[in-house]
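To keep things clear, I will list the structure first and then write my remarks on it.
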Amino acid sequence: MKLEGSCHCRGVRFSVETKHPQPFMRCYCSICRKTQGGGGYAINLSGDADSLKVRGKQHLKVYRARVKNPEDARARKSTGQRNFCGRCGSALWLYDPTWPELIHPFASAIDTPLPTPPERVHIMLEFKPDWVPVHAEKGDKKFKRYPKESIAEWHQRHGVEAD
């Protein structure tokens, strides 16, 4: 499936091919919450990095978050590169060289209609502030941090891979 996306000001437009088009995961970490301004449908789509096409590259900026979990002595710089529009601030995609074949577009930046997932996965609940509600439905899964199941495995389990 081809996904097309853009920032709010339309200065950056992109497309990417994906086998995993369902926005099923909500992240409650401070990075997703603060860089996206909300409920964080952040890391649940994955695309073929080689298929990424971008117009408006001159407007792109990259943010690498500092990460410190409670058990860490010091913060470390994330390997994840959060790409956003330098004009309007829209979060667009995450690229992490740990998985160079993948690009993770943020569902909030996708203009292509996306399918409704059969369940949602709520992650990083350990870092959710008290004022943020978890809108979980029956059958949704919840995790203190990350599930063991990958994005690809979730889509396979639900039989929802795109052709």
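Does region 22-152 come out rounded, prolate or oblate, given a ≥ b ≥ c as the square roots of the eigenvalues of its C-alpha gyration tensor, rounded meaning a/c under 1.5 and, failing that, prolate meaning a/b above b/c? Working shown, then result.
Numbers: a/c = 1.57, a/b = 1.19, b/c = 1.32.
Note, shape of region 22-152 comes out oblate.
Amide H contacts of H8: S90, each under 5 Å away and 5 or more positions distant or on a separate chain (H built 1.01 Å from N in the peptide plane; Pro and chain starts excluded). With a ≥ b ≥ c the root eigenvalues of the C-alpha gyration tensor of region 88-153, is it rounded (a/c under 1.5), prolate (a/b larger than b/c) or oblate? Since a/c stays below 1.5, the shape of region 88-153 is classed as rounded. Using a/c under 1.5 as the rounded threshold, could you call region 1-75 rounded, prolate or oblate? The axes a ≥ b ≥ c are square roots of the C-alpha gyration tensor eigenvalues, and prolate needs a/b larger than b/c, oblate otherwise. In terms of gyration-tensor shape, prolate. Loop-located trypsin sites (Lys or Arg not before Pro) in region 88-160 (DSSP state not H, G, I, E or B) with no more than 12 neighbouring Cβ atoms inside 10 Å: K138, K144, R145, K148.
Based solely on its DSSP helices, what 222 nm [θ] is calculated for the chain when runs of n ≥ 4 H residues each add -39,500 (n - 2.57) and the sum is averaged over all residues, nearest 500 deg cm²/dmol? Mind showing how you got there, number by number?
Details: 2 runs with 14 residues, N = 163.
For the chain, the value works out to -2000 deg cm²/dmol.
Here the relative contact order of the chain, from alpha carbon pairs under 8 Å that lie six or more residues apart, stands at 28 percent.
Quick one: net charge around H104, please, counting Lys, Arg +1 and Asp, Glu -1 for every other residue with C-beta under 10 Å from its C-beta.
Details: positive: R82; negative: D96.
Neighbourhood net charge equals 0.
Using C-alpha pairs under 8 Å with a sequence gap of at least 6, the mean separation divided by the residue count of region 44-127 gives a relative contact order of 28 percent.
Any read-out appearing in this document is the output of simple, stated calculations on the displayed coordinates, not a laboratory observation. Quantities reported herein were computed from a predicted structural model and do not represent experimental measurements. Glycine also receives a Cβ, built like all others from the backbone with ideal geometry; neighbour counts cover every protein chain displayed.
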